[in-house]
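Before any comments, here is the structure.
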Amino acid sequence: MSGRGVKRHPVLWFLAVVLAGGLVAGYLAMYVNPSKAWYMTLFGILFMVFAVLNAVMAIAGILHLSRSALFSLFVLIPAFFLSGRYIQFSGPESLRDGNLRVVSYNVGLFGSSVKSLKMNEQECMDSVFRFLLGTGADIICLQEFHFSGDSKTKDYLERRFPEYRAEYYLNQNPGGFYGNVILSRFPVRSRGKLDFPKSANQAIYADIDVRGTMLRVYNCHLESYNIETDKLAHFNGDSTLVRRTELKLRKSIEKRPEQVDAMVSSMESSPYESLVVGDFNDSPVSYTYRRLSRGRSDAFVKGGKGNGATFRLFWPFLRIDYILFPSRYECTRYEMPKVRYSDHYPIQADLVI
């Protein structure tokens with residue numbers, strides 16, 4: 001792209017610079033504390049969108065013989081290394097069997113987050129439980145679990161999952177109990193909860209004896225956005241909806257770093273290695289992911305194949321559910337069953353510990 005064949009294309013350059021700025025902001029989102037600059041998280045969430053648009057700009061520049069193509073390609077270099085957090089082409093390095101199967105699923109209050117689901121809460125719960133029992137998981141972590149039955153929650157869970165020990169912390173609301181649940185085939189030696197101030201979200205943990213190896217399993221549901229997706233999907237120019245959405249985004253984004261700090265502090269003081277599982281409500285290019293994945297490997301990156309997006313409403317761009325395991329362990333298989341009982345897909349990993 002040198003010499004007399006190169007043409008001047010100011011519009012291409014303008015678009016290339018604007019889109020490159022969005023992608024660079026996405027890179028920086030991993031290092032900027034959102035409590036200081038909440039809007040940076042949005043660039044992290046839109047990272048794949050900006051990456052695709054920059055790739056389009058590179059192709060357009062090549063077709064129009066513009067030096068803007070080189071600029072777009074240069075900006076894309078880090079994205080090639082980060083894209084594996086979203087898309088995997090090769091699959092796991094090892095095909096040997098794991099000795100610990102972990103499943104995480106945000107069950108979305110058993111269907112209340114899926115307007116098109118033609119079943120009531122109990123029917124959805126029964127379907128989810130059948131699916132979970134069919135996975136053969138050793139450890140199951142559930143977020144947005146909801147129980148409105150008359151019996152005690154622990155008795156109910158251990159009756160439905162007779163081979164598992166149930167540990168949970170649930171908040172009571174007018175419709176029943178809501179929170180996180182850990183189900184384990186292995187003995188649970190202790191458990192705990194991390195309270196997040198002024199939040200309905202939480203993280204819980206259980207110290208589990210996996211065939212003589214003690215492992216602390218964190219099941220976290222970090223601050224939710226609580227945006228009105230139905231109304232946004234049919235947006236009619238309502239400025240109050242825009243303002244309300246902005247305030248909710250800002251509030252949730254600014255809360256999350258404090259929750260991450262609490263988790264990191266707990267993990268650093270833990271006597272055992274930590275498995276971090278759950279719904280982070282944040283992208284793989286984020287401050288949240290960078291801090292929680294330090295010293296741990298991502299099960300999707302190590303054992304997955306295909307697109308890793310877990311949030312169905314914004315598929316294929318939004319991956320917010322994770323299984324992070326100690327880096328000295330190995331992931332031999334990662335799957336994301338396409339069941340549709342929630343607005344999230346469940347995730348499943350086979351580990352060798």
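The values are calculated or read from the model by the stated rules, or taken from the named source; none is laboratory data. Everything numeric here is computed off the predicted structure, so don't read it as measured data. Glycine also receives a Cβ, built like all others from the backbone with ideal geometry; neighbour counts cover every protein chain displayed.
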Item to check | Test result for Leu194, modelled with pLDDT of 85 or more, closer than 18 Å to Pro271 by Cβ and in contact with a helix residue (DSSP H, G or I) (Cβ under 6 Å, 6 or more places away or on another chain) | outcome: yes
Checklist entry - If you check Gly134 against the conditions, is it among the small types (Gly, Ala, Ser), part of a helix (DSSP H, G or I) and within 23 Å of Asp350 (Cβ to Cβ)? => result yes
Item to check | Residues satisfying the stated conditions in segment 302-314, i.e. in contact (Cβ under 8 Å) with a residue 24 or more places away in the chain and either buried (at least 20 other Cβ atoms within 10 Å of the Cβ) or not polar (S, T, N, Q) (or both) | outcome: Lys302, Gly303, Gly304, Lys305, Gly306, Gly308, Ala309, Thr310, Phe311, Arg312, Leu313
Item to check | Residue check, Leu313 in contact with a Leu (Cβ under 7 Å, 6 or more places away or on another chain) and outside any loop (DSSP other than H, G, I, E, B) | outcome: no
Checklist entry - For segment 15-35, does any single residue satisfy the condition of being more than 27 Å from the chain's Cα centre (by Cα) and not in a helix (DSSP H, G or I)? => result no
Checklist entry - Only one of these conditions is not met by His64: (1) more than 30 Å from Cys141 (Cα to Cα); (2) in contact (Cβ under 8 Å) with a residue 40 or more places away in the chain; (3) buried (at least 19 other Cβ atoms within 10 Å of the Cβ). Which number is it? => result (3)
Checklist entry - Does Val102 qualify as being outside any helix (DSSP H, G or I), of a type in the set (A, V, I, L, M) and modelled with pLDDT of 90 or more? => result yes
Item to check | Residue within segment 114-123 that is in the same structural domain as Asp298 (by TED's automatic domain parsing) and buried (at least 18 other Cβ atoms within 10 Å of the Cβ) present | outcome: yes
Item to check | Residue ID - surrounded by the most Cβ atoms within 10 Å (Cβ to Cβ), chosen from residues in segment 323-341 that are under 23 Å from Cys124 (Cα atoms) and out of contact with any strand residue (DSSP E or B) (no Cβ under 6 Å at 6 or more places or on another chain) | outcome: Tyr341
Checklist entry - Among the listed residues Ser199, Ser252, which satisfies the condition of being modelled with pLDDT under 95, in a loop (DSSP other than H, G, I, E, B) and surrounded by 14 or more Cβ atoms within 10 Å (Cβ to Cβ)? => result Ser199
Checklist outcome for this item: Note on segment 182-199: residues of a type in the set (Gly, Ala, Ser), touching a strand residue (DSSP E or B) at 6+ places or on another chain (Cβ under 9 Å) and farther than 18 Å from Ser104 by Cβ are Ser190, Gly192
Checklist entry - What are the residue pairs meeting all of these: first residue in segment 326-352, first residue over 21 Å from Phe89 (Cα atoms) and part of a strand (DSSP E or B), second residue modelled with pLDDT of 95 or more and of a type in the set (Asp, Glu), Cβ atoms under 8 Å, and 6 or more apart or on different chains? => result Pro326/Glu273; His344/Asp279; His344/Asp321
